[in-house]
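**Student:** Just dropping this structure here.
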Amino acid sequence: MSRLLISAAHKSSGKTTVTLGLCAALAERGLAVQPFKKGPDYIDPMWLGQAAGRPCHNLDFYCMSHEEILAVVGQYSSTADISLIEGNKGLYDGLDLDGSNSNAALATLTHTPVILVLDARGMTRGIAPLILGYQGFDPDVKIAGVILNQLGGSRHEAKLRAVIEHYTDVPVIGGVHRDPVLQIDERHLGLIPSNEASTADKKIIQIRDCIREQVDIERLLSVAGHDELDFRPPPAVHGITRPAVKIGIAHDAAFGFYYPDDLTALEQAGAELVTFNTLTDSSLPAVDGLFIGGGFPESHLDTLEGNTALRADIRNAIRGGLPAYAECGGLMYLSRSIAWNGRQSDMVGVIPADTVMHARPQGRGYVRLRETANAPWPSDAPPGEFAAHEFHYSSLENMAESLTYAYEVLRGTGIDGRHDGIVINNLLACYSHMRDTRQHHWAQRFVEFVRRHHNGDKTVPLTLY
């Protein structure tokens, strides 16, 4: 299990581009490359997964226990030649003062050496105390090498290499020069998702070639961690003998924010996932339930509005009682309209509210929710609290006053700062994004909800496994 964690001194240092290029370069060699991403994120993992040729999995201290993180790393690394974990923000940044949820803590937990990507613009001799400080701050963290990024040219690179070699014992694994080819277009949430970028494969090849030429891949592989850790495999799923229920999942350029682990959990709970395209399909497939995840519907307003047949089909299905779950972008799509950049476009119209885009985030970061008695999905436990995350530039306006909510917001914004999870018929629509982990097995509960509705039986006892 060779592993490396790619981190940085601070965010926006270029670690995603470097990690993407490394994934593609290593895969080009014929290696099985397993990418991971620390924290809640959809967009970076989509690019990393496409570059590596296998899904990227998220590792999140806020939603997952240490045992779950180790199980995920162990499970998916076991079939790979090398795993690359991309950090978020800086190496020692995190929510807690003690750094218990930082990239450094993840490196320590998984016994993974760190490659530090350093934005070297404007730096010469000052890079030495920076590296020494990061080395000395936590002796349990092994900084195995640095990759210099945003270099101004060969002379700049030579100066930095000489300084680092003279003052530190940290090897320089690579020096990446400033190059427009390495830029991926961005919008308000970060990089444009790879499912929207028509030239994503071409861009990945361009980045791969740049990174391969400027990073010493052999030396990178030589400093990777090889510790055999006691990763505990996830518990086996038993007893799924009931017929599968079909759940339609919107998957296209407008909606693509889904965690691979959640999709796996849905399937393990007995769901057959049937994809449909909100931009081109004129009707829903024959399904027992519906899942519309996050994405960027505001970037596809004309096409979404123009697909009146599908919007009407979804509206009629939900009004007729079809079980449905929508997150963030899905919630926006199910509202009456979306207003952005001076125009307003009609959407599905199931949720009695209008979506308005803003210049600044309306909800951003981790949330904590408490389930209410209005939550529709079955459970064999009393209502409790769970962690999730949100990142939305939109808000709901002109809302009906009598809306029912599934959750109280203990931390975060949700719908109105106090509530999240609009419940209408058998629809649950949230701004929050949920993770199916030990603290909240939402996938099992949703599938059971769909199954009960399909069977016409509201009294079937719920069995979690």
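Taken together, the values in this text are just the output of simple stated rules run on the coordinates, not laboratory data. Bear in mind that the values here come from a model prediction, so they are computed numbers and not experimental data. Cβ: placed from backbone, ideal geometry, glycine included. Neighbour counts: every protein chain shown.
**Student:** Between HIS454 and SER78, with labels modelled 7 Å along Cα→Cβ, what's the label distance in nm to one decimal, could you check?
**Tutor:** 2.9 nm
**Student:** At a Cα cut-off below 20 Å, give the lysines reachable from LYS202, other chains included and same-chain residues fewer than 8 away excluded.
**Tutor:** LYS202 reaches LYS15.
**Student:** Set the Förster radius R0 to 45 Å, insert the Cβ-Cβ distance between SER222 and ASN398 as r into 1/(1 + (r/R0)^6), and round the FRET efficiency to 0.05.
**Tutor:** So the FRET efficiency works out to roughly 0.15.
**Student:** Follow-up. How much length is gained if the chain between ASP169 and GLN439 is pulled fully straight, taking 0.36 nm per residue apart and subtracting their Cα-Cα distance, in nm to one decimal?
**Tutor:** 92.9 nm is the gain from fully extending ASP169 to GLN439.
**Student:** If the cut-off is a Cα-Cα distance under 15 Å, which aspartates and glutamates reach LYS246, setting aside same-chain residues fewer than 8 apart in sequence?
**Tutor:** Partners within reach: GLU267, GLU272, ASP288, GLU448.
**Student:** Only helices at least 27 Å long along their own axis, judged from Cα atoms, and with Kyte-Doolittle mean hydropathy of 0.0 or greater: name those in the chain from DSSP H.
**Tutor:** Sorted by number, there is nothing, because no helix extends far enough and scores high enough.
**Student:** Here is a further query. Report the Cα centroid-to-centroid distance between the range 331-384 and the range 55-101 in angstrom, as an integer.
**Tutor:** Comparing the Cα centres of the range 331-384 and the range 55-101, I get a distance of 28 Å.
**Student:** Report relative contact order for the range 2-222 in percent, whole number only (criteria: Cα-Cα under 8 Å, sequence separation at least 6).
**Tutor:** It rounds to 25 percent for the range 2-222.
**Student:** What nm distance separates the two modelled labels at LYS246 and ALA32, each placed 7 Å from Cα along Cα→Cβ?
**Tutor:** Label at LYS246, label at ALA32, 3.3 nm between them.
**Student:** Pairs of alpha-carbon atoms within less than 8 angstrom and 6+ residues apart define the contacts here; what relative contact order does the chain have, in percent?
**Tutor:** In percent, rounded to a whole number, it is 13.
**Student:** Which of the trypsin sites (Lys or Arg not before Pro) found in the range 24-56 are loop residues per DSSP with 15 or fewer other Cβ atoms within 10 Å of their Cβ?
**Tutor:** The qualifying sites are ARG29.
**Student:** Further question: Could you give the semi-axes, largest first, of the ellipsoid that matches the chain, computed as the square roots of 5 times the alpha carbon gyration tensor eigenvalues and rounded to whole Å?
**Tutor:** 41, 24, 20
**Student:** Same structure again: Ranking ILE249, ILE424, ILE211 by Cβ neighbours within 10 Å, fewest first, what do you get?
**Tutor:** Listed from fewest to most nearby Cβ atoms, that is ILE424, ILE249, ILE211.
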